[in-house]
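K.L.:
This is the structure I have questions about; it appears just below.
The values are calculated or read from the model by the stated rules, or taken from the named source; none is laboratory data. Since the structure is predicted, the reported quantities are computational estimates derived from the model, not experimental observations. Using ideal geometry, Cβ is built from the backbone for each residue, glycine included, and neighbour counts are taken over all protein chains shown.
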Amino acid sequence: MLFRSKEKIHEKALEIGGGGRLFNIVVENEIVSKQLIERESFGKNVTIIPNNKIRFKSVSQDTIAFASKVAKEVGGLARPAYELITFSK
């Protein structure tokens, strides 16, 4: 498992936000990815992502502040998904 939800209450929101990407297969590097693709190990409708090619993309603090403000106005809460999960480096 790549990550876990910090609180059970957020699991459904994370699942919906992640959508089909939650079923992508993460492998160690592009060499492993190439070997799996060449062997057609998983069929044609699978996305394989080399872990060494994943880059973090942050959300601007202005965007987070705006989302939090709007959510608070309607009695809700808005936080970036990466704050709701735990994962191993």
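K.L.:
Just to be sure before I move on: is residue 79 among the charged types (D, E, K, R) and surrounded by 10 or more Cβ atoms within 10 Å (Cβ to Cβ) in the structure I sent?
P.N.:
yes
Listed here are the residues, each with its yes/no results for (1) polar (S, T, N, Q); (2) more than 19 Å from the chain's Cα centre (by Cα); (3) closer than 23 Å to residue 19 by Cβ; (4) at pLDDT below 90.
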| residue | (1), (2), (3), (4) |
| --- | --- |
| 49 | no, no, yes, no |
| 52 | yes, no, no, no |
| 60 | yes, no, yes, no |
| 64 | no, no, yes, no |
| 72 | no, yes, no, no |
| 77 | no, yes, yes, no |
| 80 | no, no, yes, no |
| 84 | no, no, yes, no |
| 87 | no, no, yes, yes |
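K.L.:
What are the residue pairs meeting all of these: first residue in the stretch 1-13, first residue within 13 Å of residue 83 (Cα to Cα), second residue of a type in the set (A, V, I, L, M, F, W, C) and in a helix (DSSP H, G or I), Cβ atoms under 7 Å, and 6 or more apart or on different chains?
P.N.:
Sorted first by the residue in the stretch 1-13, then by its partner, the pairs are 5/14.
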